[in-house]
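Some notes on the structure that comes next.
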Amino acid sequence: MDPITFSIIRHRLYRIVDEAVITLKNVSGSATTNEGHDLMVSLYRANGSLLMGGVGFLHHLTSAAEACKAIIRRFKGDIHEGDMFLLNDPYTAALHTSDIYLISPIHYDDQLVGWSACFVHVYDIGAMSPGGFSPQSQDIYTEGFSSPGIKIIDRGELRNDVLDTLLNMVRNPEMVSLDIRSLIACNNVARDRFRVLIRKYGEEIVDGACMTLIDQSEQLLRDRLRELPNGKWQSRQYMDVNAEVHRVGLTMTKEDDHLVFDFSDSSPESPYSINCAYWASWGGLFAPLFPLLCYDITWNEGVIRPIEMIAPEGTIVNCRRPAPVSVATVGAIQSVNNAACTTIGKMLAASEKYKGEATAVWHANHFAIFLFGQNQRGGQSIGILTETFAGAGGARSFADGVDVGGEVPNPISRMANVESMEAAFPLRYLFRRRMKDSGGAGEYRGGVGAELAFVPHDAPDGGLHYVVSGKGTQFPMSEGLNGGYPGAPNSYLWVHSNEETAGDAPLSFAQSLESMPGEKESVTWGVYPIMGRDGLYVQWNGGGGYGDPLERDPAAVVADFEEGVVSEWTLRNVYGVVIDGDAGELDGPGTEAARKAARGTRLQREAAE
Amino acid sequence: MSIRISATLEARMVDGEGRIVCVSCSHPLGPTDQPWKPAATLNELPMKGAGGEVYTAGDDVLLRQFNCPSCGKVLDTETALRGDPFLIDEVDVSALSDS
Ligand SMILES: [Zn+2]
């Protein structure tokens, strides 16, 4: 095939996915999808293998491939032009029940030529808790509607019996219906555009280009792996839930052109829904691998071939039915993301050529709070605080992490405006701003996370309830790299501001946590009210730092201090910087002396042995 | 000849033996076929408060800083629950003895 045609087909495949994502966002009415970009669209070959990975949450790219393969197995002989299938069972391929895969075969001249698959986190799935994250569930049976594969469109006709069965089991069926229709529209666009591509170039040429593209990706990744040093790198993630500690332990081994991710050192499956099933871990390790090792390589089956995973059955990274998994995406899967980001970062840092691609861990811990209740218009609202997608960048070998800079597993993640949240829910924000000291210290600082607080406002029921499935208040999770500090942990505080605890002091105008009157109770796991005069305060993690904090440019530390993202205590005690007390200006000689003393203190420590 | 191990460490021949050394000051941290962390000085900070008040970690959570015993530079850090083993990273430096 001539290289021009190959290149055009490759770009057309990118554009098909792009246009499908735009469709998805514009049809869905949910802020989770169109504001937070909790979505994914990709194209798959006729056998279900990944052809063109799209944007959105990258841990879905390979899981949706398994979903396509599961549909091929289940519906063999019964897959027709115009069909569409729904799959959301985590023990088949999905990550958790809320992330519904809609899968569309693509036919041309009566031949199956490919698949389009997409997901959104639907408005509700009928789990114990509204919104899908279900911290009180003790098994998959209470985590809502779950299908290992069902035909929802039969030869172009929507099966209303199937859709109505699903809608009969969820809260806010009209919003869930809109979610499903956005997925249908998305697949329609992807399928139609793919068929146009084949009509123009012919099936043989397009298929040839697709196979070449996959082989090319495989070759490029194998070549890159050969350039990287051989070795073994370890990382460890801790998750605390109700005072119980769970670990995701990873040893990544690179030999020649082959990478093995071994999660054998992980905790047994948990009674809590932070577990994930096998294909979820598999997807989880690819979420950082695609952007960190394949930033210039097309994300397809070829990238998958050199990779192997070991995840023993019965562990938190390969749990057995009926273990609960509804919090997996922000639980074990996210820790798999983080652990793989660390080991890949260490491997890159060991390479002269690729050291500039290494990164400390970004936004390691979604707080994923779902609000629900009667809204100011008398209807019911359910939705995530989209700030959970705002994240924070990890530091790199040449630059600070980006403040509130998103996350590695979702390159298009973002948060809604405060006004959008206030329009969707009967609440009022008191503040939302960057969080001082939350970025991991280092020669290059991790990007800071942020803090927010809100109170009920114009709520017919006096307030709302919320689901919090937060881990990581006891452990920072955004690990640093090459001597950097981890980013600060998350924090969730219920501010009890009744007359007894707060007197007449009004919470409603507080501008900081310190100025919020009333008792502050840490809440991490379960369903809680935010009623009356109470408030909710959330602080989310910063990114990991890179390198020794004592080597950070003192002027950069002073600038951070002046901007309010580093405290005076941290400036002095972590970065060893001295400022003139009155003028606040950098004291160069004082800093040099303080840093020398700090290094001297380190020398007095015992050997690690 | 030297082989990069991380931003702070490399492998070099020292007196005819392969050694892991601190990049900043060339201080040797043991043979290349053994973990280097035991030869570093260990600063185990309580994670709570380690980077300011926002570090609200549990009492048994540590920030382990492995420092060069000669120049005091931080060579690596890890988050650990008290009692958990050190993370071990190994880079293949067999090319060093081949050279
Ligand atoms: Zn040194």
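The values are calculated or read from the model by the stated rules, or taken from the named source; none is laboratory data. Every value quoted in this text rests on a predicted model; they were computed, and no experiment measured them. Glycine also receives a Cβ, built like all others from the backbone with ideal geometry; neighbour counts cover every protein chain displayed. SASA here: full protein model, heavy atoms, side chains in, ligands and nucleic acids out. Shrake-Rupley method; radii C 1.70, N 1.55, O 1.52, S 1.80 Å.
What the table below lists for this structure:
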{"read-out": "Reach of A:Lys76 by Cα under 18 Å, taken over aspartates and glutamates that are not fewer than 8 positions away in the same chain", "value": "A:Glu66, A:Asp110, A:Asp154"}
{"read-out": "Under 17 Å from the A:Asp265 label point (7 Å along Cα→beta-carbon), backbone N, segment B:20-43", "value": "B:34-39"}
{"read-out": "Accessible surface buried upon B-A contact (total; probe 1.4 Å; Å², nearest 100)", "value": "3900 Å²"}
{"read-out": "Separation between Cα centres of segment A:587-609 and segment A:13-70, rounded to whole Å", "value": "51 Å"}
{"read-out": "Separation of the A:Arg155 and A:Thr5 label points, Cα + 7 Å toward Cβ, nm", "value": "3.5 nm"}
{"read-out": "Label point distance in nm, A:Glu227-A:Ile79, each placed 7 Å from Cα along Cα→Cβ", "value": "3.6 nm"}
{"read-out": "At least 40 Å² accessible surface lost relative to isolated chain, residues of segment A:436-484 (1.4 Å probe)", "value": "A:Asp437, A:Gln474, A:Phe475, A:Pro476, A:Glu479, A:Asn482, A:Gly483"}
{"read-out": "Fraction of antiparallel bridges per DSSP, segment A:241-368 only, in percent to nearest 5", "value": "65 percent"}
{"read-out": "Area of A:Glu313 that stays accessible when all protein chains are in place (1.4 Å probe, Å², to 10)", "value": "140 Å²"}
{"read-out": "Accessible heavy-atom area order of A:Trp569, A:Trp540, highest first, probe of 1.4 Å", "value": "A:Trp569, A:Trp540"}
{"read-out": "For the protein assembly as shown: accessible area per residue (Å², 1.4 Å)", "value": "35 Å²"}
{"read-out": "Low-density loop cleavage sites - trypsin sites (Lys or Arg not before Pro) in segment A:141-187, where at most 10 other Cβ are within 10 Å (DSSP)", "value": "A:Arg155"}
{"read-out": "Net charge, A:Thr315 excluded, C-beta distance under 11 Å - Lys, Arg +1, Asp, Glu -1", "value": "-1"}
{"read-out": "Point-to-point label distance, A:Asp458-A:Lys200, nm (Cα→Cβ direction, 7 Å offset)", "value": "4.8 nm"}
{"read-out": "Theoretical FRET efficiency, 1/(1+(r/R0)^6), r = Cβ-Cβ of B:Met1 and A:Trp569, R0 41 Å, to 0.05", "value": "0.40"}
{"read-out": "Local electrostatic count, A:Val467, Cβ distance below 13 Å [Lys/Arg +1, Asp/Glu -1]", "value": "-1"}
{"read-out": "Shielding by partners, peptide A:229-236 (average Cβ within 10 angstrom, other chains)", "value": "6"}
{"read-out": "Flagged links, alpha-carbon separation over 19 Å, of A:Lys254/A:Lys346; A:Lys232/B:Lys37; A:Lys471/B:Lys37; A:Lys471/B:Lys48; A:Lys25/A:Lys200; A:Lys346/B:Lys37", "value": "A:Lys471/B:Lys37; A:Lys25/A:Lys200"}
{"read-out": "Listed residues A:Asp207, B:Asp33 arranged by accessible area, highest first, probe 1.4 Å", "value": "B:Asp33, A:Asp207"}
{"read-out": "On Cα atoms only, tilt of A:203-227 relative to the major axis of chain A in degrees", "value": "30 degrees"}
{"read-out": "Contour excess over end-to-end distance, with Cα ends at A:Arg181 and A:Val162 and 0.36 nm allotted per residue", "value": "5.5 nm"}
{"read-out": "Radius 14 Å from Cβ of A:Lys69, net charge of other residues (Lys, Arg +1; Asp, Glu -1)", "value": "+1"}
{"read-out": "Share of carbon and sulfur in the accessible heavy-atom surface of the protein assembly as shown [1.4 Å probe, %]", "value": "48 percent"}
